[in-house]
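Since the structure comes first, as structure tokens, the remarks are kept for the end.
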Amino acid sequence: MNKESKIYVAGHRGMVGSALVRLLEKKGYTNIITRTSKELDLRDQQQVRQFFQTEKPEYVILAAAKVGGIQANNIYRADFIYDNIIMEANVIHQAYETKVKKLLFLGSSCIYPKMAPQPLKEDYLLTGTLEATNEPYAIAKIAGIKMCEAYKDQYGCNFISAMPTNLYGPNDNYDLNNSHVLPALLRKFHEAKESGTDTVEVWGSGSPLREFLHVDDLAEACYYLIQNYNDKEFVNIGSGVDLSIKELATLIKDVVGFKGELKFDSSKPDGTPRKLMDVSKLEKLGWKYSIGLKEGITSVYKEAFKTA
């Protein structure tokens, strides 16, 4: 990619897409194409075809997706599988039709079997049963990976895939009904501190282990892969470090400055017991994360809730 290359970032308003746009602009790229979902509905085959034929992007980063936490994934199962599969299919196929030089598809760590060995190696894909609560979303993301592989096999397209771990950062979703665990806890603790509440409820037992990566680190990893990686097999992106939800809640409690107690609601689902990425492949390629969890959460809290 040179600085004048025409780069389409799908999903530029989301947490991941906006981080990618910020990074590309910072590095001096001047021809970044974006469209809001109102301007371009990626579920509409005709609209996507027209967009690609008119704009003819040279590079595509597919960060657009319908995403949510355990509750949203479990309730809106049809929406999650349909919207994600149809978006991926339309964009990947039109990238092939218009001879895009390179496409990067972004998946999710939920593609792995629920009880897969830890840490999660790339070759564990499709070796067991998925976590039931987000199975439709996971299947959609697996379909995206397999589409990229198939188009590379059949047509020689330079389409690569990367699987990020749990992400957090600027432009995250703080809606308590459909957000992920880290932003949900930040909001809960902030509101409890502001209102003087004595306790904060945390969903589940607190025992599941999770890994988190700042979205700016993800953007750096994606940029690195676009510049340096051309193989068919997908690549995990993460920190390679995890902690329990209880430890995460305690860390966020300290960052926010909440003085009350934690209460764990074991009637709520825990999800997968552990989800840690094996990032040895990415590290061998030459990239490693740089933003520590406490540092990252502190900066996100200050920005999202405008604290000093």
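The values are calculated or read from the model by the stated rules, or taken from the named source; none is laboratory data. This structure is a prediction, so every number in the text was calculated from the model and none was measured. Here the Cβ positions follow ideal geometry from the backbone for every residue, glycine too, while neighbour counts run over all protein chains shown.
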(message) Test of understanding: among 275, 302, which residue is closer than 28 Å to residue 226 by Cα, charged (D, E, K, R) and out of contact with any His (no Cβ under 8 Å at 6 or more places or on another chain)?
(response) 275
(message) Could you list, ordered by first residue, the pairs with Cβ atoms under 6 Å in which the first is in segment 25-40 and under 16 Å from residue 60 (Cα atoms) and the second is polar (S, T, N, Q), at least 6 apart or interchain?
(response) 40/47
(request) Answer yes if at least one residue in segment 49-66 is within 20 Å of the chain's Cα centre (by Cα), at pLDDT below 95, closer than 29 Å to residue 239 by Cβ and not in a helix (DSSP H, G or I), and no otherwise. (result) yes
(message) Being assigned to a loop (DSSP other than H, G, I, E, B) and not small (Gly, Ala, Ser) is the filter here; which residues of segment 106-129 pass it?
(response) 112, 113, 114, 115, 117, 118, 119, 121, 125, 126, 127, 129
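Conditions (1) touching a strand residue (DSSP E or B) at 6+ places or on another chain (Cβ under 6 Å); (2) in contact (Cβ under 8 Å) with a residue 40 or more places away in the chain; (3) closer than 19 Å to residue 211 by Cβ, marked per residue:
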residue	(1), (2), (3)
143	no, yes, no
175	no, no, no
182	yes, yes, yes
190	no, yes, no
194	no, no, no
(request) Determine if segment 95-118 includes at least one residue that is at pLDDT 95 or above, in contact with an Asp or Glu (Cβ under 6 Å, 6 or more places away or on another chain) and within 24 Å of residue 215 (Cβ to Cβ). (result) no
(message) Just the residues that are in contact with a helix residue (DSSP H, G or I) (Cβ under 8 Å, 6 or more places away or on another chain) and of a type in the set (S, T, N, Q), please, taken from segment 174-204.
(response) 177, 178, 179, 197, 199
(message) Checking the structure you have, find out if any residue of segment 68-90 is part of a strand (DSSP E or B) and touching a Pro at 6+ places or on another chain (Cβ under 9 Å).
(response) no
(message) When you scan segment 145-154, do you find a residue that is modelled with pLDDT of 95 or more and in a strand (DSSP E or B), even just one?
(response) no
